[in-house]
Amino acid sequence: MAPAETPACRIASLEEVRSLLVQLKDSIRALAVDPGDPTARVEAQRLVHILHEASVAAGAEGLERMAACMATALDGVPAGVELSRPFVAALAAAAERFDDLRRGMEQGKPADQGQLLARTEEDFAACAMTRPPAADGPEEIDLGEAVERLLAEELEVPAELFSEEPEETGPLSVDLPAPTAPPVRGPLFSEAEWEQLHIGFHEEAEEHLQTLQQALQRLQTASLDQEGRTVQPHREEIAAIRRAVHTIKGASAVIGLNEVAAYAHGLEDFLDRLHDGTRALDPPAMVGLAEALDLLGLLVASPEQAPLARREAVLARLEVGGATARAGAAASPVAPTGTPAECGRPAERALAQVGSATLRIQRQQLDTLIGLGNDLLANISGLDRGLERFSTALTELGGTADRLKTSADALAQLSATGPDPTDRLALIARAVAESAADAAAVRAALEELRGDVAGELGGQQELARDLQAQLLQARLAPLALLTPRLQRIVEDAAARLGRQVRLVVSGEQVELDRVLWEKLADPLMHLIRNAVHHGIEPQEERIACGKDPVATLSLGARREGDRVVIRFADNGRGLDFAAIRDKARRYDPSLDVEAMDERQLADLIFAPGFSTRTVSEMSGRGVGLDVVRENVRDLRGTVGVATRAGVGTAFVIRLPLTMGVVRALLVESGGALWAFALTDIRQLHRVDSRDISWEEGTVRLDGATLPWYSLPTLLGQVEDPVETSRPVVLVFAAGGRPVAVSVPRLVGRQEIVIRGLGSHLRAVPGVAGAAVLGAGQVVPVLDPAELIRAARLRADEDRPEILLDISRPLTVLVVDDSLSVRTVVSRLVASRGWRPVAARDGQEAVTLLAELWPDCIVLDLEMPRMDGFAFLATLATMPTRRNIPVIMCTSRTGRQEREQAGRLGVRAFLAKPCPEEDLLAAIRSVTGLADVGAEGR
Amino acid sequence: MDACSRPESIDRGDGPLPAGDHRRPAVAAGVRSCLAFFLGDTELALPLTDVRETGQLAAVAPLPNLPGWIRGILHRRGEILSVVDLACFLGLPASQWTGPGQPYLLFRQSDLACCLEVARAGVVVHPEDREFAAPEARPSRPARLTALISGVFRSAGRDILLLDSERLATALQLDNPRPGPERRAETGVPRGEGQ
């Protein structure tokens, strides 16, 4: 690039220099935080070279030489070698000296160029980054320390809960190294999960590569202008390609595929210029783009076929022929090392082979089909009830026909005794008799029709059930899916704590919806860690007790009717009720702890925040068992605990097999219909009203005395003064014990689909949802445990019950078009006991927000259908949601993007790939958890 | 509402503005079409853009543990909607609940949708800008109603209170159990800063 020929050009070039320097300093700051950040490094490299060109254009020799020095230093570090911190410091110092030179020039007080340059060269020489550094290589994450950190964070208070003092204080105070590798490496994922992430990335990348190939094809067939350039309206295709490349870059970076990320970043620069119009899409550019995209596919599928030299050559060819040739580097065009055909087809074949044995279907599509199957079954069930009413009407018709015949006979007799058999009365009698006969015939025909319809309806029901079962089968997976992961958790925890523990699994073939297993994974991991850390005694203690020194954790699953029962047990020391009671006194002094029985005390261990609210400390996030209960509740299941001192503890999780259609019991109270899921009902009895004590609120049932409630009372209705001598009583589980509820009238059973309560009523205490019956009637579906709890709170009863202010977990909505990023961030959120909800883009997020009320939103910028800025604009129009704090997490971290995000109300702006702690800190900050304590949740 | 009973009658042509409030109700002035309706003897209106339909309520399923101004829920064309006793919500004399057949307005404001139970749905009116007046505070008028009125206009000799849709939607929301950073900021706790 020739120096500026006019003062105006020179001034403009200097202005560009100043702007570029600001961006370079941003990149250097990012490298100072994370020297292994590939995006920041590539960006810094790019900016340094552009800075050099701008300096040449400005005719500023001093700046030119300083920029060249920085470029040479950066270019001299081999790819794949992480920058050392001294090098980054030298780079930062060089940037400052560059700025000093620039200011000196602007102010007419030139600094000593020679001295500044010499110092810069000395700094870089001292770093010796041109050869692989021995001591500054990428740090390895110590998984043992990471597990230790998890244990310390998640099990810290249980150590106090279940024993007199923490057995080991050292592990609870380890300082972990700052994460330098991509966030996903580390304690969040086991090797098996890591493999799954890679598989998921490749599947996701295949989709994006197909998208960009299709867009490229459209570009290639687009009409050209006279100079052979693609006409402007095809910016859409360029945008689609850019978005796909951007997503591949982000997803690969987050799972540590740095080479892919770096190459995609270089490609993205070119695409940015195409999109902005600063680079024309002439035929050479088109060829270069096609080659570059093909190589991207090859790099994803078969990295060994896309070595660094080839990648650099392809990127260089993109630059050649454009307005900005790279100065300071070899400028001669490099011959292509492979034709686009050679690059593209192998890549496509390689990727296609990954999934050739399966048919890929959108998960949303499958969920839609399952939903339709559920609705079909529920509708048919509604028809069933209609048929019952039809039968009732038929019976009435039969009775009417009989009465008509009786009247006709009486009339006939009356007319026969009259003077003239043909008189008018006789005619009427005959007419009535004929009508009676007709009515009877109609009844018979309808009866036959009813039989036919009932038969066909039964057949439809069977078909619908089969359809539902087959669709659900597509989502089913066995327990064996989780076993490797759980095994690893046991091994890690046991090794760290010096225990010998074996995991025995039975019922691995039991199948559940894959989603259920995913939701159960975290609870099971919490149970395992809890058991190893607090349930299992040290070896010496076990030997002294005559136990096998190798402790056993048993995990079993079996089907019981329409439920799956999962049992997790240890043969450790059992729950320490004395410690729990002591804990309860400190947690809530108002609790009548002495009156609580062991079952109620055991129920306390599931309370979130219970173990953190102690006299000795306020830190720590709790036992993690609240996560167990919360997750199981989300699945409409129950969890119970049984324990025996010195023998062990067992947790029993019961889950309904299907999440869509449930069998419900319909009851009537206060003139309205209500539904209970059959899975919630333990028993159903008809009791003698004399066994119910209204004053004490109890009922005697099968020799036991249970707490008793009346459903109208629970619903806030007026009690029906008419009492039945043998009322119907349903037995539910509430607060860990059976509770009886009498209902005025049973209506029947029906299969229903439980839906939300609409956009206005988010959650109503005691109501799980609503169901629409076949006739269009809406029926509330009651949550008996919550209904009872709400009634108790309302009545402020003085019962020895756990009146805990159990707050719901923090809900984080993760909006990102990359499956890998959604997976990683969701796992990070869940590991903190928070609840992640994921959306693929802004549009899906808006749909979810109709019924979801997250505590914060983590939002990507570049997404299909609705990008981050469009989503923010839409969010601002939602009066009930617009105050939800948003954290933007994107790799597009330019000043424009930051400013725009700020204008649209973003509370925090993070650069991808984002270190875990930064994201967690941002979430805590924007949701106000920052003032609770470092690990208050 | 009877304009003649107001202590200050306003001649929009050349009369003085009401003392204490010299602002023009800009929001109300921008509304071109409204649907008027009655809650008892009080006539109100909502912008037509926020009232998608009127009709008669089908069977409403009651729900427990909710404020008394929520009648329950109903099902309408595949959607579950809540039913709000608007008179009760606004603090006006309660309307006679006649059950199925009670008139309602389907109110939609951004992400909120619910059925507003009314005594009688009126007609569509098209107030001119000059017909709007700022709402006056009246001791007899419930505070919540006053807070939700964006303007008053006269039509056919009647005063009609125009409700602000956004404020109404916000007011209808049930409490979020988790206080957000804004509420914490009110108590002096600093909010998190963006990067």
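Around B:Ser150, which amide H atoms from residues at least 5 apart in sequence, or from another chain, sit under 5 Å from its own amide H, with H modelled in the peptide plane?
When sequence neighbours closer than 5 places are left aside, the close amide H contacts are B:Leu162, B:Leu163, B:Asp164.
Which of the residues in the range A:858-907 show a loss of at least 40 Å² in accessible area from their chain by itself to the complete set of protein chains, at a probe of 1.4 Å?
Relative to the lone chain, where solvent access is computed with a 1.4 Å probe, the range A:858-907 loses at least 40 Å² at A:Pro879, A:Thr880, A:Arg907.
Other chains' Cβ within 10 Å of A:753-760 residues: what's the mean?
What the average comes to for A:753-760 is 6.
For A:Val767, enumerate residues with amide H under 5 Å from its amide H, sequence gap 5+ or separate chain, H modeled in the peptide plane.
Result for A:Val767 returns A:Asp783.
Under a 5 Å amide H to amide H cut-off, with H placed in plane at 1.01 Å, what residues pair with A:Thr880 once short-range neighbours are removed?
Those lying under 5 Å, H to H, from A:Thr880 are B:Asp111.
Just going by the charge dipole of the range A:811-937, with Lys and Arg at +1 and Asp and Glu at -1 on Cβ, which of A:Pro864, A:Val812, A:Thr877 is farthest out on the positive end?
A:Thr877
Once you charge only the Cβ atoms, +1 for Lys and Arg and -1 for Asp and Glu, what is the size of the charge dipole of the range A:812-937 about its Cα centre, to the nearest 20 debye?
140
Just tell me how shielded B:63-76 is by partners: mean number of partner chain Cβ atoms within 10 Å of each residue's Cβ, no decimals.
6
Counting other Cβ atoms within 10 Å, which GluC sites (Glu not before Pro) in the range A:668-709 have at most 11 and lie in a DSSP loop?
Passing both the DSSP loop test and the Cβ count: A:Glu695, A:Glu696.
Starting with the highest mean, order A:643-654, A:829-840 by the number of other Cβ atoms within 10 Å, averaged over the residues of each peptide.
Taking the mean over residues of other Cβ atoms within 10 Å, the ranking is A:829-840, A:643-654.
How big is the B-A contact in terms of buried accessible area, both chains counted, 1.4 Å probe, rounded to the nearest 100 Å²?
About 3600 Å² of accessible surface is lost on pairing.
In terms of Cα to Cα distance under 26 Å, which lysines are near enough to A:Lys109, apart from those fewer than 8 places away along the same chain?
Partners found: A:Lys25.
Averaging sequence separations of C-alpha pairs under 8 Å and six or more residues apart, then dividing by the length of the range A:32-94, give the relative contact order as a whole percent.
Relative contact order of the range A:32-94: 41 percent.
The values are calculated or read from the model by the stated rules, or taken from the named source; none is laboratory data. Model, not experiment: these values are computed from the prediction. A quick note on method: Cβ atoms are made from the backbone with ideal geometry, for glycine too, and the neighbour counts reach across all protein chains shown. Quick note on the areas: whole protein, heavy atoms, side chains included, nothing else; ligands and nucleic acids left out. Shrake-Rupley method; radii C 1.70, N 1.55, O 1.52, S 1.80 Å.
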